[in-house]
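Contents: one structure, followed by commentary.
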Amino acid sequence: MKKNFFNISDLSKEKILSILRINEEIKCLKNKNIGLLFEKYSTRTRLSFTVGISSLGGNTVDIKFEELNISRDESFEDTFRALNCYLDGLVYRTNSHQKLIQASSYFEKPIINALSDTSHPCQILSDLYTLEEHFGSLNVHILWMGDMNNVCFSLCEALNLIENLKLTICTPQSLSKNKKWQFNSNISVVSHIDHIDIQSVNCVMTDVFVSMNDEDSDEKVSLLKPYKVTSELMSKTSQNSIFMHCLPAKVELEVSKEVFQSPKSIVWKQAYNRMIVQKKLLQFIYQ
């Protein structure tokens, strides 16, 4: 049975932990061709999958969306049926989560969500690995500052499965009130950091205020400015706290340069671990 990976919720807690704890590297992609189809820009996701697939013995096929015949009115169905003829898997970044679901109707091999407007599960799978690597466990209190975007959604899905993690989302009420997300008891949403026990926070996470699938909005950026991660905020967190950002960052907008470049910042360890965890995920799928 093929194993698509569209959301964190496609996995159980046990499967997440088993992926993170895969240690032996098996050449499970020998003689396999994996397509990389990106409708949106990518640095870390594209490179980490390219290098990871090669490390596992596979070949990557870099597909430029704008050069496919779909840009000349070939149907979505026919495009993905054609890809199915040649490829053994697909890493797909899209501006519409529905396209992932639609593609899986015509592409019979595994599809991995490399980011959609709904979720970014590969990022959060890697972030879980980074947290466990750094703290030695997942008994961590995360403070998310800023927009409730696709990365935040995947983080919430992870928290719904891993109960010993704790998440506080700090975001303007006007941005949270219409979210129909599921929250277990280990997730809370507040509009101001004064509403939480910030000294218990081990990890502060943020992301760009205007995501890749959003329209540029000066109003939204202005609304989120008070949610910038600063040295003052970090100084109130626990002594062993860290700062994480999935990148790319707009330094001095959602995070100060001082925090971004500080010893508490582990953003480049996060970036490196993307490759490590992509390989673990691929081994889980193709074992």
If we scan region 170-188, do we find a residue that is in contact with a strand residue (DSSP E or B) (Cβ under 8 Å, 6 or more places away or on another chain) and part of a helix (DSSP H, G or I)?
yes
Only unsatisfied item for R93, checking (1) in contact with a Lys or Arg (Cβ under 9 Å, 6 or more places away or on another chain); (2) more than 30 Å from A249 (Cβ to Cβ), is (2)
Pairs returned, first residue in region 148-164 that is outside the structural domain of S211 (by TED's automatic domain parsing), second residue that is modelled with pLDDT under 95 and small (G, A, S), beta-carbon separation under 8 angstrom, 6 or more apart or interchain, are none
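Being modelled with pLDDT of 95 or more and within 18 Å of the chain's Cα centre (by Cα) is true for just one of L224, L233, L253, L159. Which residue is that? Give the steps one after another, and end with the answer.
Details: L224 fails: within 18 Å of the chain's Cα centre (by Cα); L233 fails: within 18 Å of the chain's Cα centre (by Cα); L253 fails: within 18 Å of the chain's Cα centre (by Cα).
When all the criteria are applied, what remains is L159.
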Meets criteria (at pLDDT below 95, in a loop (DSSP other than H, G, I, E, B) and closer than 30 Å to L175 by Cβ) for N95
yes
Of the conditions (1) closer than 30 Å to I53 by Cα; (2) in contact with a Gly (Cβ under 9 Å, 6 or more places away or on another chain), E254 fails just one. Which one is it?
(1)
V229 being within 30 Å of I22 (Cα to Cα), out of contact with any Lys or Arg (no Cβ under 8 Å at 6 or more places or on another chain) and not assigned by TED's automatic domain parsing to the domain that holds N23
no
Hey, any hits in region 54-68 for a residue that's in contact with an Asp or Glu (Cβ under 8 Å, 6 or more places away or on another chain), among the polar types (S, T, N, Q) and surrounded by fewer than 18 Cβ atoms within 10 Å (Cβ to Cβ)?
yes
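Which is closer than 29 Å to E132 by Cβ, outside any helix (DSSP H, G or I) and not assigned by TED's automatic domain parsing to the domain that holds S137, of S18, S48, S42, S54?
Numbers: S18 fails: outside any helix (DSSP H, G or I); S48 fails: outside any helix (DSSP H, G or I); S54 fails: outside any helix (DSSP H, G or I).
The conditions single out S42.
The values are calculated or read from the model by the stated rules, or taken from the named source; none is laboratory data. None of these values were measured; they are calculated from a predicted model. As a convention, Cβ positions derive from the backbone with ideal geometry for all residues, glycine included, and neighbour counts pool all protein chains shown.
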